[in-house]
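Contents: one structure, followed by commentary.
The values are calculated or read from the model by the stated rules, or taken from the named source; none is laboratory data. None of these values were measured; they are calculated from a predicted model. All Cβ positions, glycine included, derive from the backbone under ideal geometry; neighbour counts span all protein chains shown. Accessible surface areas use protein heavy atoms only, side chains included; no ligands, DNA or RNA. Shrake-Rupley method; radii C 1.70, N 1.55, O 1.52, S 1.80 Å.
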Amino acid sequence: MPKILKLKNEDKKTGKLKNVGSIEIKNQTEEKAELYFYGDIVSSSWESYWYEEDKCPQDITDFLKELESSKSIDIFINSGGGSVHGGLAIYNLLKRHQGQKTVYVDGIAASIASVIAMAGDKIIIPSNAQFMIHKPLTWCGGNADDLRKTADILDTCQKSITNIYMENVKEGITEEKIMELINNETWFTGDEVAHYFNVEVEEQSDVVG
């Protein structure tokens with residue numbers, strides 16, 4: 001039977017704990033579990049979850065505590081992304097897990113969700129799925145100095161993201177090329193992303209209705 005790990009947070013208005021989502025741990029075998037990213041990526045449990053599928057770093061910490069350090073994880077992604085810093089933390093948490101990690105892009109891995117996908121030891125994407133990389137963005141206010149500082153922070157975020165992508169590029173793909181793709185906000189199909197990154201393309205079989 002699947003194990004449901006309930007995610008709770010304190011309601012700021014009432015002070016009571018409320019459900020903010022759940023992670024379903026499906027043990028296919030004694031050595032393997034499943035993790036789903038089917039919502040937005042947020043930076044902390046104090047933020048509002050729009051949907052129960054949304055995930056933050058603490059959710060992943062709680063998930064990993066339920067597993068043996070050597071247990072393999074199948075990671076399924078269908079997410080448009082979200083918080084850069086939340087996603088970087090999730091990437092690092094998963095990367096440190098000692099078990100084999102296989103990522104499946106079920107529909108879309110966009111923005112910071114594409115970075116999380118790179119935590120996989122193996123990344124499998126159907127030919128008809130989508131993958132998107134782009135420049136980090138934010139909203140800010142203030143004077144000219146504040147705006148320049150925010151731009152510097154965004155540049156640093158882009159460097160961090162680029163470093164992760166570069167650990168997973170095909171031989172011969174340069175950092176300048178990845179930066180160009182990021183700057184242009186590039187959308188890929190499964191077939192197209194395989195030209196740049198070390199992913200396995202899963203061909204879809206014809207279905208007879």
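The residue that is least open to solvent (accessible area, probe 1.4 Å), among those in the stretch 174-194 that are closer than 18 Å to Q158 by Cβ and among the hydroxyl-bearing types (S, T, Y), is T186.
With respect to I123, is the statement that it is modelled with pLDDT of 95 or more, of a type outside the set (S, T, Y) and surrounded by 18 or more Cβ atoms within 10 Å (Cβ to Cβ) true? So I123 passes the test. Whether any residue in the stretch 148-169 is farther than 17 Å from G81 by Cα and touching a residue at least 40 places away in the same chain (Cβ under 8 Å) is what I want to check. Checking the stretch 148-169: at least one residue is farther than 17 Å from G81 by Cα and touching a residue at least 40 places away in the same chain (Cβ under 8 Å).
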